[in-house]
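Asks: Supplied in structure tokens, the structure appears directly below.
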Amino acid sequence: MRIGIVCPYSWDVPGGVQFHIRDLAEYFIRLGHEVSVLAPADDDTPLPPYVVSAGRAVPVPYNGSVARLNFGFLSAARVRRWLHDGAFDVIHIHEPTSPSLGLLACWAAQGPIVATFHTSNPRSRAMIAAYSILQAALEKISARIAVSEYARRTLVEHLGGDAVVIPNGVDVDFFAKAEPKAEWQGDTIGFIGRIDEPRKGLPVLMRALPKILAERPGTRLLVAGRGDEEEAVESLPKELRARVEFLGMVSDEDKARLLRSVDLYVAPNTGGESFGIILVEAMSAGAPVLASDLDAFAQVLDQGAAGELFANEDADALAEAAVRLLGDPERRAELRERGSAHVRRFDWSTVGADILSVYETVTDGTTAVAADEKTTGLRARLGLARD
Amino acid sequence: MTATLIWTLVAVVVLVAIGLYLSWTAGRLDRLHARIDATRAALDAQLLRRASVTQELATSGVLDPAASIVLYEAAHAARQAEEEQREVAESELSQALRAVFAEPQQVEAVREAPGGVAAARELTEAVRRVPMARRFHNDAVGAARRLREHRKVRWFRLAGHAPFPMAFEMDDEPPAALVDRAA
């Protein structure tokens, strides 16, 4: 099968959607399919052979922060050329509602289009204004995938229609087979995520830490992720700061080893999560998980059966649960076992097969993807095209 | 005199703009109807595949006679159903499959038979794809309905003679023992 995948975010910036697309593309290539990924990238960035650059993304203020987006005449032309050269059986667009490559590809293509909705953004003002434009482009999508039941619900409420739920994939064995590192073992709590992004929840964990250390003075907190380390420990009393170790940005291998080593993985995120891939990675590595009770997290953790949940933003509840878990090796062993069994459904072998099922369902008996002359041809621009 | 000319020009421009907009909307609607046809064909194919696999399994002698008869009956009825009874017949097939494959042991028994692994895989695939295909179909139907209920489409009869799209409603819950791969 010839598969075209559209990535809306810069390939040179690491991010959840980019990693998902990379793993998905490599999974399909291993199965013998032909895959081409269209992604924004600087022209001088080295790209894997299956990635086609759609030009540099331009930083513009959008939706309350600065987003790097692709739009305009040149990008649209590159999208059309890619569609034309690729002659794909199916194209898979990620984040079709972001005003970037996803939307452009949706606009310019016809034929079997699959789309994955990753985020569960609350409806933005711009989206209300652009609703009718967006709707006309989104109507072309033959199959919608949401990454979680939560993401599906937001999609149904904001855009109408329906989607099938296929979770993000993880290479479970990569994490399960990582070698633990001795220096990260022994009464350790792990945290992975941006330090300076409050929604990742490090401040909540910092507020809980004095209570945890009061009960279990030997505990160490290992923090992996970029951001200002001094600012992060500012709220802690000076004598406790030594109990926090910052590892900076870690490689994929070190991330797996860290998750294999810690006694407890804490995810205190306060919002903005639609899936929680890090929880799946932690469970794959056999780390007992303690997470805030966000909808998305509760779902990944099987409503608390595969990992423990605490009331969101409640530092006392977090401290209480962490102390209890650290002092109860049996409960942790139980969580490890349940987590490892539970994550099998997120393994690429399952997730990839499901996504392929979607491709096959939409390509059954239809023609291949082509550039849509109705919306992109000269006649259409003059409004003359109908059939 | 000039004023009349300008007003006439303005009126012409407005009328042309409205015409273009309506023509574009009609194109959109046309594309949605094509999508409904394609998704309906895909749904039909998946339902037929599921019924065939079930029938094959029922006549293979892998299952006990009672389960075989229940599955054969349901699959046969689903394949023969008239359009109006289709949703009910397909739902009954889902129920029959759930009843027979309620226990993981039953799935294991099928896998152990010669050729059973392939049969079990085919059935699993079929029961997973039916809900997918149905969701894609109903999604297309919903989008077309929303557009067709709009004033501009009703007043100018942009939908032409195309029948009002109907969603396909059925019970497509797959048997837990077949799809639960976590165990």
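Asks: With unit charges on the beta carbon (Lys/Arg positive, Asp/Glu negative), name the residue among A:P167, A:A208, A:H94 whose Cα is farthest towards the positive pole of the charge dipole of chain A.
Replies: A:H94
Asks: In nm, to one decimal, how far is the modelled label at A:A77 from the one at B:A109, with both set 7 Å along Cα→Cβ?
Replies: 6.7
Asks: Further, regarding this structure: Can you find, among B:I69, B:A120, B:G142, the residue farthest towards the positive end of the dipole of the stretch B:19-179? Put +1 on the C-beta of Lys and Arg, -1 on that of Asp and Glu.
Replies: It is B:G142.
Asks: Let me ask another. In whole Å, how far is the Cα centre of the stretch B:1-37 from that of the stretch B:93-162?
Replies: Value for the Cα centre distance between the two parts: 39 Å.
Asks: Would you work out the charge dipole size for the protein assembly as shown about its Cα centre, treating the Cβ of every Lys and Arg as +1 and the Cβ of every Asp and Glu as -1, and quote it to the nearest 20 debye?
Replies: Working: 64 positive and 78 negative charges, 465 e Å.
Taking the Cα centre of the protein assembly as shown as origin, the dipole is about 2240 debye.
Asks: Ok, one more. Given the pairs A:K177/A:K200; A:K181/A:K238; A:K177/A:K211; A:K140/B:K152, which span a C-alpha to C-alpha distance of over 30 angstrom in this model?
Replies: On the way: A:K177/A:K200 27 Å; A:K181/A:K238 28 Å; A:K177/A:K211 34 Å; A:K140/B:K152 20 Å.
Too far apart for the 30 Å limit: A:K177/A:K211.
Asks: What is the mean number of Cβ atoms from other protein chains located within 10 Å of the Cβ atom of each residue in peptide B:130-138, rounded to a whole number?
Replies: On the way: counts 1, 1, 10, 7, 2, 9, 12, 3, 2.
If you average over the peptide's residues, the count of other-chain Cβ atoms is 5.
Asks: Which value, in debye to the nearest 20, gives the size of the charge dipole of the stretch A:134-183 about its Cα centre, when Lys and Arg are +1 and Asp and Glu are -1 at the Cβ?
Replies: Details: 6 positive and 8 negative charges, 36 e Å.
Here the size comes out at about 180 debye.
Asks: Using a 10 Å cut-off on Cβ atoms, rank the peptides B:156-163, A:356-363 from the highest mean neighbour count down. Mind dumping the intermediate values first?
Replies: Working: B:156-163: 11.9, A:356-363: 21.1.
By packing density, highest mean first, the sequence is A:356-363, B:156-163.
Asks: Turning to a different aspect of this structure: What number, rounded to the nearest 500 deg cm²/dmol, is the helix-based mean residue ellipticity at 222 nm of chain A, given -39500 (n - 2.57) per DSSP H run of at least four residues and division by all its residues?
Replies: On the way: 17 runs with 158 residues, N = 387.
Computed mean residue ellipticity for chain A: -11500 deg cm²/dmol.
Asks: Another question, if that's okay. Show the residues, 5+ positions off or on another chain, whose built amide H is closer than 5 Å to the amide H of A:I93.
Replies: Residues meeting the amide H criterion: A:V6, A:V114, A:A115, A:T116.
Asks: Can you compute the helix-only [θ] at 222 nm over chain B? Use -39500 (n - 2.57) per DSSP H run of at least 4 residues, normalise by all residues, nearest 500 deg cm²/dmol.
Replies: Numbers: 7 runs with 140 residues, N = 183.
Value at 222 nm, helices only, nearest 500: -26500 deg cm²/dmol.
Asks: On to the next question. Quantify how strongly other chains surround peptide A:337-349 by giving the mean number of their Cβ atoms within 10 Å of each of its Cβ atoms.
Replies: Values: counts 0, 0, 0, 0, 2, 1, 1, 3, 5, 1, 1, 0, 1.
The mean count of partner-chain Cβ atoms within 10 Å per residue comes to 1.
Asks: Take peptide A:104-114, look around each residue's Cβ out to 10 angstrom, count Cβ atoms belonging to other protein chains, and average those counts.
Replies: On the way: counts 0, 0, 0, 0, 0, 0, 2, 1, 3, 1, 1.
For peptide A:104-114, the averaged partner shielding equals 1.
Asks: Note down the magnitude of the dipole of the stretch A:172-344 about its Cα centre, charges +1 on Lys and Arg C-beta and -1 on Asp and Glu C-beta and zero elsewhere, to the nearest 20 debye. List each step's numbers first, then the result.
Replies: On the way: 22 positive and 32 negative charges, 66 e Å.
Approximately 320 debye in magnitude.
Asks: If you count, for each residue, the other Cβ atoms within 10 Å and average over each peptide, how do A:42-50, A:11-19 line up from highest to lowest?
Replies: Values: A:42-50: 10.9, A:11-19: 16.2.
Descending packing order for the listed peptides: A:11-19, A:42-50.
Asks: Follow-up. Identify, among B:L22, B:A45, B:Q95, the residue whose Cα sits farthest towards the positive end of the charge dipole of chain B, taking +1 on the Cβ of Lys and Arg and -1 on the Cβ of Asp and Glu, with the dipole about the Cα centre.
Replies: Result: B:L22.
Every number here is computed from the coordinates shown, using simple stated rules; none is lab data. What you see is a predicted model; the values in this text were computed from it and never measured. Positions of Cβ are backbone-derived with ideal geometry, glycine not excepted, and every protein chain shown enters the neighbour counts.
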